[in-house]
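Trainee: Encoded as structure tokens, here's the structure I'll be asking about.
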Amino acid sequence: MGKKKEKIGKGLRALISNIDGEEVTLERKEKAEKELSKATAEIKISNIEANPFQPRTEFNETELNELSDSIKTHGVIQPITVRAIGGDKYQIISGERRWRASKKAGLKSIPAYVRVTDDQGLLEMAIVENIQRADLNSMEIAISFQRLIDECSISHEEMASRVNKNRSTITNYLRLLKLPPQIQKSLKDDEISMGHARALIGVTPKESQMDIYRRVMKSGLSVRATEELIKSYKSGPNKLAKKAGRPSALDIELKKIKSRLSDHFEAKVDIKRNAKGKGSYVIYFDSDDQFNEILDLLED
């Protein structure tokens, strides 16, 4: 097994040597790219650097630790993809999460596909591979599409072809960037869905948009309920104002639950819930004695 890896490694080094030299023909580059896309090499982690065009900007630390533990046990199942940037140095095209987790796991090297591409190709390939693996949230995809337009001068039609999506889908993602920052953050943090965001996009002026957004967050409205609320607004602001004065069935039920829990624990209880049904129960206590009393009730 060791000899086989060494042989592959030498073949790869021969293919990528002087790939950027003037004497290298287009035919040789294409041949090298074709060969490199089919073979993997064990590359030192210290010789790999992050992709400056990486669409994903945040990595969940808990998920990284879980992946790191898995890699310690099973190794890296799916090789990352890198490009040669000269000498023994490489830059990640896709797989930064696996690379980071491998470093946490203490690995010295990682299996990788090696590709030859320029910066524009690097950006395009990184975005396409991430999107097709559904590895980005809606806001990250929207930002990535906008970068393709701004930095690579790609039209909506060209982009749709590259990522294998309808042109209307591209447009819908890009429209998310017109939302106020607070709504964008809620979408990025998975507090609301893209369905909520698309419904809110059509609301004007911005003050009304934010007003409806706050009601969605406060009452945990579904996409359908949000659309109905917006319809009420569009049919007349007065109707919305009247409707807003009446608590929803969910608000009433949550109030009842809070009251029952407060009575049960003889303490203040708060329930927080977002539009997607995620949230938390909070039980307040004023002393160690009350804390222990609540703990006893929970254990029972």
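The values are calculated or read from the model by the stated rules, or taken from the named source; none is laboratory data. Source: prediction; values computed, not measured. As a convention, Cβ positions derive from the backbone with ideal geometry for all residues, glycine included, and neighbour counts pool all protein chains shown.
Trainee: Taking the conditions exactly as written (farther than 29 Å from TYR233 by Cβ and surrounded by fewer than 21 Cβ atoms within 10 Å (Cβ to Cβ)), does ASP190 satisfy them or not?
Mentor: The answer is no for ASP190.
Trainee: Let me ask another. Identify, from the list ASP150, ASP69, the residue that is modelled with pLDDT of 80 or more, of a type in the set (D, E, K, R) and not in a strand (DSSP E or B).
Mentor: ASP69
Trainee: Further, regarding this structure: If you go through region 50-77 one residue at a time, how many are under 19 Å from GLY106 (Cβ atoms) and of a type outside the set (Gly, Ala, Ser)?
Mentor: 15
Trainee: Test of understanding: among SER186, SER208, SER193, which residue is among the polar types (S, T, N, Q) and out of contact with any Phe, Trp or Tyr (no Cβ under 9 Å at 6 or more places or on another chain)?
Mentor: Going through SER186, SER208, SER193 in turn, the sole match is SER193.
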